[in-house]
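The values are calculated or read from the model by the stated rules, or taken from the named source; none is laboratory data. As the structure is a computational prediction, the values presented were derived from the model and not from experiment. Cβ coordinates were reconstructed from backbone atoms using ideal geometry, including for glycine residues, and neighbour counts include every protein chain displayed. Accessible surface areas use protein heavy atoms only, side chains included; no ligands, DNA or RNA. Shrake-Rupley method; radii C 1.70, N 1.55, O 1.52, S 1.80 Å.
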Amino acid sequence: MSIAVALISPTYDPCNKYTSLDQPWRANNESGSGICDRNFNWNGWYRLFYYGMNIRMPETCVNVSGCGTDYPLWLSGPHPETEDGVVTRQVCGNQGNDCCYYKPIPIRVKACPGSYYVYEFVSPASCKMAHCTDAHTITPASPTEVNDVQSKITMIPTTNNSTFDPCNNYSVLDNYWRSIKSYYDGHDDTLVEWSGWYRLYLQGPEDGIVTREVYGSNGSQCTAYRSKPIQVKACPGDNYVYKFVKPDVSIPMPSYCAAPDPCNNYTVLNDSWRTTYRSYGYESYDDMIVSLNGWYRLYLQGKSAQLSEACLGYISCGGYTPLMLNESHPLIRDGIVTRHIYGAYYTECRYYKSNPIQVKACPGHYYVYKLVKPNVSIPMPTYCAAAFDRPTYDPCNNYTFLDQPWRATNAIGLKIYDTHFTWNGWYRMFNYGRDIRMAESCVNVALITLCGSMALILR
């Protein structure tokens, strides 16, 4: 079936105005990856490269499942000569038994001085088809052209100007399709002219400018491709900026991905039976049969809670084996961390070792957890929730002065007891107006004769 199209002659010379398309995965010596050129936003003329070298479309049939796609498109007809100007050529796609079974919209081609070609690509009528290149036609580009292509993929060194802060000098990158939940696959970041720093509206720690490796996934293999490293900086206001560069051209249609912040994307887990005060009984629970998926924020009776860090006896938290964090919770600057989970049996706190989870501290004084199904060897395990008692203000700016010199380790005991005090909030300790702090080591002998009474130390 033939397709009639109206082709308007360009008002400019496409040999001097084109987009460089350096996508080595289009070569006919590459396997198929199911890429579809219909998803590309084609606009104007394109010059084909292979790692910075000239390459052109094949003029003969290409086998199926090659050139990064299922049905590679090849040029049905010879390339023009320079004196031919702009010509129209049919492109064909091999179906398996018929090399020209698929006949998408024809394209225009022009031969340019310097022994290269430009193509006016258009979207195929269906998927999965992609325009192919012929690895046998690779020729060196001129030194000027090579430098021009390579300059677009080289990371610019960090500026030494101490007055330049990328947190205040960035471009906003707000593309919905960058979300890890988006199925749009028509973008290629190797075609973007990256320049400077970008903000994706993500949150995280503040470690200054750091360099991070970038990988591309293929199916279940998360590190199938290794791209060029980028620079990242965490900024005040809990956001990141990125110095994006052109991804490695060997990666098929790469695009920088943006993930939602779990501090803003979580499921509320408000089970009163998870409290450390709830014992196993007739209404027993088991997180092995709970479908855990994604990030969770814990509540107890409508108030923020956290996973317990304290050792708990077995038969508590609504189940038989209470699960608790083996380490302390992270700080906001730590970002997402991995923590080990243990289950108690009688008085042995680490009798069972469960599967590790991820944890993040969030602005607003709460935590989120990426809970997973516990280890199957643990009898009736349940994640334990404890009351969340972090202050909603900075206690460094809200405290009571406590200037009681008799608390010093060199003071004679007066048999004063702190159980008689009405404690409320935070306290800063002084000794005759000078800063002092709690003892961190054992207070020696005659406990009732030091610190005004029975000595308490910080452990």
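Summary of values
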item	result
Accessible surface of segment 1-111, 1.4 Å probe, proportion on carbon and sulfur as whole %	43
Accessible area of segment 1-132 divided out per residue, in Å², using a probe of 1.4 angstrom	46
For TYR314, solvent-accessible area (1.4 Å; no DNA, RNA or ligand), Å²	50
Accessible area, probe 1.4 Å, largest first, for residues LEU307, LEU292, LEU331	LEU331, LEU292, LEU307
Calculated from backbone phi, Karplus (6.51, -1.76, 1.60) coupling profile of segment 345-357 in Hz, x at Gly/Pro	9, 6, 9, 8, 5, 10, 5, 10, 10, 9, 6, x, 10
Normalised contact order of segment 237-338, rounded percent, pairs of Cα under 8 Å and 6 or more residues apart	26
Segment 286-407 - percent of accessible surface contributed by carbon and sulfur, probe 1.4 Å	50
Contact order normalised by residue count of segment 334-386, Cα under 8 Å, 6+ apart, percent	29
Percentage, to the nearest whole number, of Cα pairs in segment 263-377 over 24 Å apart	20
Per DSSP, loop chymotrypsin sites (Phe, Trp or Tyr not before Pro) in segment 317-346 with at most 11 further Cβ within 10 Å	TYR346
Ranked packing of 297-304, 241-248, 12-19, most packed first, by mean Cβ within 10 Å	241-248, 297-304, 12-19
GluC sites (Glu not before Pro) within segment 258-329: DSSP coil, no more than 10 neighbouring Cβ in 10 Å	GLU283
In Hz, Karplus ³J(HN,Hα) per residue of segment 58-72 (6.51, -1.76, 1.60; θ = phi - 60°; x = Gly, Pro)	x, 10, 10, 4, 10, 4, 5, 6, x, 6, x, 9, 8, 10, x
Per-residue ³J(HN,Hα) for segment 287-303, Karplus 6.51 cos²θ - 1.76 cosθ + 1.60, θ = phi - 60°, Hz, x for Gly and Pro	6, 5, 9, 8, 7, 8, 8, x, 9, 9, 10, 8, 10, 10, 6, x, 10
